[in-house]
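Single-structure report; data block below.
The values are calculated or read from the model by the stated rules, or taken from the named source; none is laboratory data. Every value quoted in this text rests on a predicted model; they were computed, and no experiment measured them. We place every Cβ from the backbone using ideal geometry, glycine too, and count neighbours over all the protein chains shown.
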Amino acid sequence: MGLRIVIVGVPGVGKSTVVEKAKEAVPGSTVQVFGSAMFDEALRLKWVKHRDEMRKLPVEKQKRLQEAAAARISRGKGKVVFIDTHLFIRTPEGFWPGLPLRVIQPMKPTHLLLVEASPKEILARRKNDTTRYRDEITEEEVAGELTLARNFLSAASLVSGAPMAFIRNDEGGSAKAAAEIAALVRGAKA
Ligand code: ATP
Ligand code: MG
């Protein structure tokens, strides 16, 4: 069986940036963006126009999108598949898990990687990224999200049996973070 590497981290930490670079560094690897698979389904159902509207939908509707995305991604095969997703989503009804049992189990992850940076860096990245509609929150709240992320990651590791690791994505350091992921892949294949 191939490697199925789930990449998670709080919004704006740089997951998609790092994972695209990791794909370049690992020949034959592919990337599945969980949120894009959810968004395709949301567009088909005409529930939203922009991907950042999805997290404002009633959780029941988000669940339907999540299940459609999990089913699609679970069917994907490949030697090394990177899955770019979220541990939790900030909804009006509370923090909602991105990797509950019914989602993580069919995806059969072999590794869980949490991308991290400092709260200050994360806030600055969210502010600079004009392609996305980000929730306005403080540095302290971002620090809270980072703690929450580690808690959700432990739970995901526990239920899936996949090891978890932390990848630092320092300012200007996305290539280094990607190289760390590539090294982990080489180690796992050896
Ligand atoms: P989301 O959870 O919303 O999908 P994400 O974690 O995938 O976010 P990205 O979209 O990859 O985050 O990055 C957010 C912003 O941060 C982008 O503008 C990106 O260019 C920038 N960025 C990513 N990594 C770094 C880094 N190491 N140094 C500086 N800027 C970075
Ligand atoms: Mg992303």
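Among the numbered conditions (1) in contact (Cβ under 8 Å) with a residue 24 or more places away in the chain; (2) not in a loop (DSSP other than H, G, I, E, B), the only one that Lys63 does not meet is (1). If you check Leu148, Leu123 for being in a helix (DSSP H, G or I), more than 25 Å from Glu24 (Cβ to Cβ) and over 15 Å from the mean Cα position of the chain (by Cα), only one passes: Leu123.
The C-beta contact set for segment 91-114 (first residue among the basic types (Lys, Arg), second residue at pLDDT 95 or above, distance under 7 angstrom, 6+ apart or interchain) comprises Lys108/Arg4.
Among the criteria (1) in contact with a strand residue (DSSP E or B) (Cβ under 7 Å, 6 or more places away or on another chain); (2) within 23 Å of Tyr133 (Cβ to Cβ); (3) not hydroxyl-bearing (Ser, Thr, Tyr), the one Val26 does not fulfil is (2).
Looking only at segment 27-41, residues that are without any contact (Cβ under 8 Å) to a residue 24 or more places away in the chain, within 16 Å of ligand 2 (Cβ to nearest atom) and not in a helix (DSSP H, G or I) come to 0 in all. Scanning segment 139-164 for residues that are surrounded by fewer than 14 Cβ atoms within 10 Å (Cβ to Cβ) and in contact with a helix residue (DSSP H, G or I) (Cβ under 8 Å, 6 or more places away or on another chain) yields Glu139, Glu140, Val159, Pro163. Consider segment 169-188 and keep the residues that are acidic (Asp, Glu) and within 8 Å of ligand 1 (Cβ to nearest atom). The one that is nearest to Asn128 (Cα to Cα) is Glu171. Between Leu87, Leu99, the distinction of being within 20 Å of Asp135 (Cα to Cα), among the aliphatic types (A, V, I, L, M), modelled with pLDDT of 95 or more and within 16 Å of ligand 2 (Cβ to nearest atom) belongs to Leu87 only. Listed by first and then second residue, the pairs linking a residue in segment 42-53 that is closer than 13 Å to Tyr133 by Cα to a residue that is at pLDDT below 95 and part of a loop (DSSP other than H, G, I, E, B), with Cβ atoms under 7 Å apart and 6 or more places separating them unless they lie on different chains, are His50/Tyr133; Asp52/Arg132; Asp52/Tyr133. The set of residues from segment 130-146 being within 19 Å of Val48 (Cβ to Cβ) and touching a Lys or Arg at 6+ places or on another chain (Cβ under 7 Å) comprises Arg134, Asp135.
Kindly indicate the residue of segment 9-26 that is assigned to a loop (DSSP other than H, G, I, E, B) and β-branched (Val, Ile, Thr) and also farthest from Ala156 (Cα to Cα) among those meeting that condition.
Start the filter on segment 9-26 by keeping residues that are assigned to a loop (DSSP other than H, G, I, E, B), which leaves 9-14, 26.
Still in the running and β-branched (Val, Ile, Thr): 10, 13, 26.
On the way: Val10: 15, Val13: 19, Val26: 25 Å.
The selected residue is Val26.
Do we have Gly35 as in contact with a strand residue (DSSP E or B) (Cβ under 6 Å, 6 or more places away or on another chain), surrounded by 15 or more Cβ atoms within 10 Å (Cβ to Cβ) and small (Gly, Ala, Ser) here? Here the answer is no, as Gly35 does not meet what is asked.
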